[in-house]
Structure formats: structure tokens, C-alpha cells
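Colleague: Supplied in C-alpha cells, the structure appears directly below.
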Amino acid sequence: MLNLVLFGPPGAGKGTQAIYLARTFNLVHLSTGDLLRQEIAAQTDLGRIANEIISKGELVPDSIVISMIESKLKKPKTTVGFIFDGFPRTVPQAKALDDLLRKHHSKVSVMLCLEVEKEELIGRLFKRGLTSGRCDDADAATIENRINVYNEKTAPIISYYESQGKYHPIHGIGAVDEIAARLSDAVEEL
Ligand code: AP5
């Protein structure tokens with residue numbers, strides 16, 4: 001199986017590029033952000049909890065997102081693999097993903113890390129916030145906090161995958177199709 005972790009700070013282009021990669025390599029796209037937003041839209045209890053946390057730019061507890069991914073992996077799929085977008089976001093989540101995939105006799109193939117400077121991230125998120133209605137794009141302080149949370153709690157995952165020889169940085173600035181080609185080339189080289 002081909003299991004890609006698509007990694008990077010908020011606004012790096014994970015969601016945009018995951019769609020291309022999923023289509024190119026026939027993978028199932030799993031985004032914990034999208035799953036949480038579905039819960040918020042459905043006004044479930046989980047959605048109410050998630051909305052409060054997401055609107056502050058903080059992380060939803062590991063136990064919640066891990067069980068969301070677990071339930072998705074349990075469903076029988078005729079797929080050649082998965083693309084994980086926005087998950088894992090902490091070292092415990094990365095370890096849990098390894099455990100879950102091991103149960104399915106599989107493993108993470110590579111971690112593709114989109115590298116984009118902070119000013120570009122803020123510009124992209126602020127621009128999207130003008131029309132998206134996403135609570136976490138709503139103001140400069142929340143966007144700033146999301147980037148700080150990424151640096152503090154999520155970026156340490158890079159060392160986790162680097163130590164396994166799976167970390168692969170990708171330049172994340174340029175036209176969407178150029179970045180898609182860089183990512184596809186990296187996967188082809190695997
Ligand atoms: P999530 O939905 O994962 O949001 P995020 O990581 O903040 O990522 P974004 O969706 O903002 O950015 P992206 O990198 O996907 O870029 P995109 O393609 O959208 O998570 C939201 C929240 O849910 C988290 O903050 C957290 O609270 C919670 N959560 C989710 N997963 C969790 C987990 N595992 N653990 C705990 N909590 C979790 O692009 C961004 C914008 O840039 C778009 O407008 C796009 O059109 C534009 N763009 C894309 N590419 C380019 C380009 N090349 N040039 C110019 N603009 C571009």
C-alpha cells in the first residue's frame with residue numbers, strides 16, 4: 001500500500017494538493033480538518049466541542065482525531081492506499097497512526113512536507129477568510145495562533161519521520177500545478 005502523510009503548516013496547500021495526489025495515485029483522501037468540519041456542520045456533540053477549539057486555533061484532543069482515523073481505516077476499502085492530510089499533528093498521533101497501519105499490515109510510505117514561509121501562509125489564509133466562512137480564518141490573531149501551535153506542537157513530527165528516513169521536504173510556493181508536479185515526482189521516486 002502507498003500511504004502518504006501530507007504535512008505542512010496551516011495554509012501550506014495540503015488540502016489543495018491532496019486532491020491532486022489522490023487523483024493521480026488513486027488514493028483515499030483522509031482529512032481530519034474536513035471530518036471535523038462535517039461534524040460541526042451536522043451540529044453533533046463532537047462538532048460543538050470541535051468548533052470551540054478550532055475557532056481558537058488550538059488542536060482537538062488526540063483521542064478524538066485518532067478514533068476518527070481508526071474508524072475510517074476499519075471500513076473495507078479497495079484502495080491502493082491513503083493520503084493523510086492534517087493528520088498526524090502531534091507525535092502521539094504519529095505513533096498512533098503507525099500502530100493503526102501496522103494492524104492493517106501496512107505503514108507510512110513517506111511524509112511529504114510542504115515548505116512555505118509565514119508571510120505567504122498568512123496572506124493565503126487571510127485571503128481565504130474573506131469568503132470561506134471558516135471560523136479559524138476569521139481574524140489575524142487566530143491565524144497567528146494556528147501557526148504558533150503548528151511550530152510548537154506539530155513541527156516536532158518532522159524529527160519523528162526524519163529518524164525513520166521518511167521526511168521529504170517540498171518547496172510549497174508557486175503555481176498549484178507546479179507544486180503538484182513536485183509532489184508527484186517525489187512519490188514516483190519512491
Ligand atoms: P485543517 O483543516 O487541517 O486546517 P489547516 O492545517 O490549518 O490547513 P488549512 O486547510 O488552513 O490549509 P492547507 O494546508 O490544507 O492549505 P489549503 O490547500 O487549504 O484543520 C483545521 C483545524 O482542525 C485545526 O486548526 C485543528 O483545530 C483541527 N484539527 C484538524 N486536524 C487535527 C488533528 N489531526 N489534530 C488536532 N486537531 C486537528 O490552502 C489554503 C489556501 O491557500 C486556500 O485558499 C488555497 O486556495 C490557497 N492556496 C493553496 N495552494 C496555493 C498556492 N500554491 N499558491 C497560492 N495560494 C494557494
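The values are calculated or read from the model by the stated rules, or taken from the named source; none is laboratory data. None of these values were measured; they are calculated from a predicted model. Cβ coordinates were reconstructed from backbone atoms using ideal geometry, including for glycine residues, and neighbour counts include every protein chain displayed. For the accessible areas, the whole protein counts, side chains as well, though only heavy atoms, and no ligand, DNA or RNA atoms are used. Shrake-Rupley method; radii C 1.70, N 1.55, O 1.52, S 1.80 Å.
Colleague: Based on DSSP H runs of at least 4 residues, each adding -39500 (n - 2.57), what is the mean residue ellipticity at 222 nm of the chain after dividing by all its residues, to the nearest 500 deg cm²/dmol? Please report the intermediate quantities before stating the final value.
Modeller: Values: 9 runs with 99 residues, N = 190.
Estimated from H runs of four or more residues: -16000 deg cm²/dmol.
Colleague: I'd like the accessible area for Met68, computed on protein heavy atoms only with a 1.4 Å probe and all protein chains in place. Round to 10 Å², please.
Modeller: Approximately 20 Å² for this residue.
Colleague: A follow-up question, please. Where the centre of each part is set by its Cα atoms, how far does region 1-69 sit from region 130-168, in angstrom?
Modeller: Between the Cα centres of region 1-69 and region 130-168 lies a distance of 12 Å.
Colleague: Among the lysines, select those whose C-alpha is under 17 Å from the C-alpha of Lys103, and discard any that sit fewer than 8 residues away in the same chain.
Modeller: Result set, ordered by chain and number: Lys72, Lys74, Lys75, Lys77, Lys95.
Colleague: For region 4-53, build the charge dipole from Cβ charges (+1 Lys, Arg; -1 Asp, Glu) around the Cα centre, then report which of Leu35, Asn51, Gly8 sits farthest towards its positive end.
Modeller: Farthest along the dipole direction, towards plus: Gly8.
Colleague: Among DSSP bridges having both ends in the chain, what percentage is antiparallel? Round to the nearest 5.
Modeller: So the antiparallel bridges in the chain amount to around 0 percent.
Colleague: What's the magnitude of the charge dipole for the chain around its Cα centre, counting Lys and Arg as +1 and Asp and Glu as -1 at the beta-carbon? Answer in Debye, nearest 20. Provide the component values of the computation, followed by the final result.
Modeller: On the way: 23 positive and 25 negative charges, 132 e Å.
The calculation lands at about 640 debye.
Colleague: Now for a separate question. For Lys56, what accessible surface area do you get with a 1.4 Å probe? Give it in Å², rounded to 10.
Modeller: 120 Å²
Colleague: For the chain, set up a GNM with springs between Cα atoms under 10 Å and report which of His104, His171, His29 has the largest fluctuation.
Modeller: His104
Colleague: Straight-line reach only, C-alpha to C-alpha below 22 angstrom: list the lysines that Lys118 could link to, leaving out same-chain residues fewer than 8 apart.
Modeller: Lys14, Lys56, Lys127, Lys153
Colleague: Rank these residues by their accessible area, most exposed first, probe 1.4 Å: Glu117, Glu39, Glu189, Glu58.
Modeller: From most accessible down to least: Glu189, Glu117, Glu58, Glu39.
Colleague: Rank these by accessible area, largest first, 1.4 Å probe: Phe126, Phe87, Phe25.
Modeller: Phe126, Phe25, Phe87
Colleague: A further question follows. In the full protein assembly as shown, how much of Lys75 is accessible to a 1.4 Å probe, in Å² to the nearest 10?
Modeller: Surface accessible to solvent at Lys75 totals approximately 110 Å².
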